[in-house]
Amino acid sequence: MTPLLRTLIVDDEPLARMRLHTLLQELHEPPVEVTGEAADASSALALLQAQPCDLVLLDIRMPGRDGMQLAAALRALPQPPAVVFVTAHGSHALRAFELDAVDYLTKPVRRERLQAALQRVVQRRWPVASQGAALTEEPVLVAHDRGQLRRIPVAEVLLLKAEQKYVTLRTAEHSHLLDDSLTDLERRLGAGFIRIHRNALVAARAVRELRRHAEPGGEEAWAVRVAPIDEWLPVSRRQLPAVRAALG
């Protein structure tokens, strides 16, 4: 049985706190208990001293100390809660993950995206199942498909391409949409995936060929062939040395 995820909501906007509270009530897995709400960092720390929690859903821009400063302060607690940033600004993601945030959600938050973030929190905080046996599930990415969550084994992922607001995940047979940023996915997936372009990651095991060709006008360009779908993807000049090293 999944442990109860005790959660504190920290946002200076009452409507934002209300929306998060409502979304959490609509989720059944993992189970969530909202232990409190705070409009600023000082109130949040006071609540945590009185009642520790497992997770803080944290806005960034707030009066007084901002969310980044609060997240840094939380790391000094004896039992620091997990942090998931929930913000209208997408420009702080790198700093957020440097503070060991589990996830970074941008407003307006989708229910499926919030549920995926909570599942990551549970996996990080309780890596051992309640029966005492180690979790043996293979790594997965969570995609949404027609209002449903779908767990895609990382071993099946061939490529990930950023397109407008979403990232398209390709397997040998299907395409899926992810809400995650490509930067976050690259960090989580690790060395098994190669950044070939600012908008594309490919599984190293799926690359069959790196080929040079001439663009119109005679300019040199490179591309990789991804199997088994036999799709050619461009490699940027900036990423070419890393791609060669990874394939070598």
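Bear in mind these aren't lab numbers, they're just calculated from the coordinates by the rules spelled out. A quick note: this is a predicted structure, and the numbers were derived from the prediction, not measured. Methodologically, a virtual Cβ is constructed for each residue, glycine included, from the backbone with ideal geometry; neighbour enumeration extends over all protein chains shown.
Give me the net charge for the shell around Gly64: Cβ to Cβ below 10 angstrom, other residues only, Lys and Arg +1, Asp and Glu -1.
Charge balance in the 10 Å sphere: -2.
As a footprinting exposure proxy, order Ile152, Ile194 by other Cβ within 10 Å, with the fewest listed first.
Fewest to most other Cβ atoms nearby, the residues stand as Ile152, Ile194.
Just want the ordering: Ser181, Ser175, from fewest to most Cβ atoms lying within 10 Å of their own Cβ.
In increasing order of surrounding Cβ atoms, one gets Ser175, Ser181.
Just how large is the dipole of the stretch 5-125 about the Cα centre, in debye to the nearest 20, putting +1 at every Lys and Arg Cβ and -1 at every Asp and Glu Cβ?
Roughly 220 debye for the stretch 5-125.
Quick check: net charge around Ala88, other residues with Cβ under 11 Å of its Cβ, Lys/Arg +1 and Asp/Glu -1?
Combined, the nearby Lys, Arg, Asp and Glu give -1.
If you wrap a convex hull around the alpha carbons of the stretch 36-88, what volume per residue comes out, as a whole number of Å³?
68
For the chain, treating each Cα as an identical point scatterer without solvent, what Debye log10 I(q)/I(0) comes out at q = 0.09, 0.11, 0.15 1/Å?
At q = 0.09, 0.11, 0.15 Å⁻¹ the computed log10 ratios are -0.46, -0.66, -1.06.
How large is the dipole of the stretch 155-247 about the Cα centre if only Lys and Arg carry +1 and Asp and Glu carry -1, each at its Cβ, rounded to the nearest 20 debye?
340
Anyone know which of Glu98, Glu220, Glu163 comes out most mobile in the 10 Å Cα GNM of the chain?
Largest GNM mean-square fluctuation: Glu220.
Which of these, Gln49, Gln25, Gln123, has the largest mean-square fluctuation under a Gaussian network model of the chain (Cα springs below 10 Å)?
Gln49
Select from Arg170, Arg211, Arg150 the residue whose mean-square fluctuation is largest in a Gaussian network model of the chain (Cα-Cα springs shorter than 10 Å).
It is Arg211.
With an 8 Å cut-off on Cα pairs and a minimum separation of 6 or more residues, tell me the relative contact order of the chain in percent.
11
What angle, in degrees between 0 and 90 and rounded to the nearest 10, separates the Cα long axis of helix 41-50 from the longest principal axis of the Cα atoms of the chain?
Taking Cα atoms only, the helix is inclined about 60 degrees.
To the nearest 10 degrees, how steep is helix 14-26 against the longest Cα principal axis of the chain, on a 0 to 90 scale?
80
Roughly how big is the chain's charge dipole about its Cα centre, with Cβ charges of +1 (Lys, Arg) and -1 (Asp, Glu), in debye to the nearest 20?
Value, rounded to 20: 560 debye.
Taking the beta-carbon count within 10 Å as an exposure proxy, list Asp180, Asp230 from fewest neighbours to most.
So the ranking, lowest neighbour count to highest, is Asp230, Asp180.
What fraction of the DSSP beta bridges in the chain is antiparallel, stated in percent and rounded to the nearest 5?
Restricted to the chain, the bridges split so that about 65 percent are antiparallel.
Tell me, what HN-Hα J-couplings in whole Hz come from the Karplus equation 6.51 cos²θ - 1.76 cosθ + 1.60 at θ = phi - 60° for each residue of the stretch 192-201, using x for Gly and Pro?
Calculated HN-Hα couplings, in order: x, 10, 10, 7, 9, 7, 4, 10, 8, 10 Hz.
For the chain, take the longest principal axis of its alpha carbons; what is the angle in degrees between that and the long axis of helix 111-125, to the nearest 10 within 0 to 90?
80
Taking a cut-off of 18 Å, what percent of all Cα-Cα pairs in the stretch 5-125 are separated by more than that?
Roughly 44 percent, once rounded to a whole number.
Along the charge dipole of the chain, Cβ charges K/R +1 and D/E -1, which of Leu55, Leu77, Thr183 sits furthest on the positive end?
Thr183
Where Lys and Arg each count +1 and Asp and Glu each count -1, what net charge lies around Gln79 among other residues with Cβ under 13 Å from its Cβ?
Net of charged neighbours comes to +2.
Go ahead and estimate [θ] at 222 nm for the chain from helices alone: -39,500 (n - 2.57) per DSSP H run with n ≥ 4, summed, over the residue count, rounded to 500.
-8000 deg cm²/dmol
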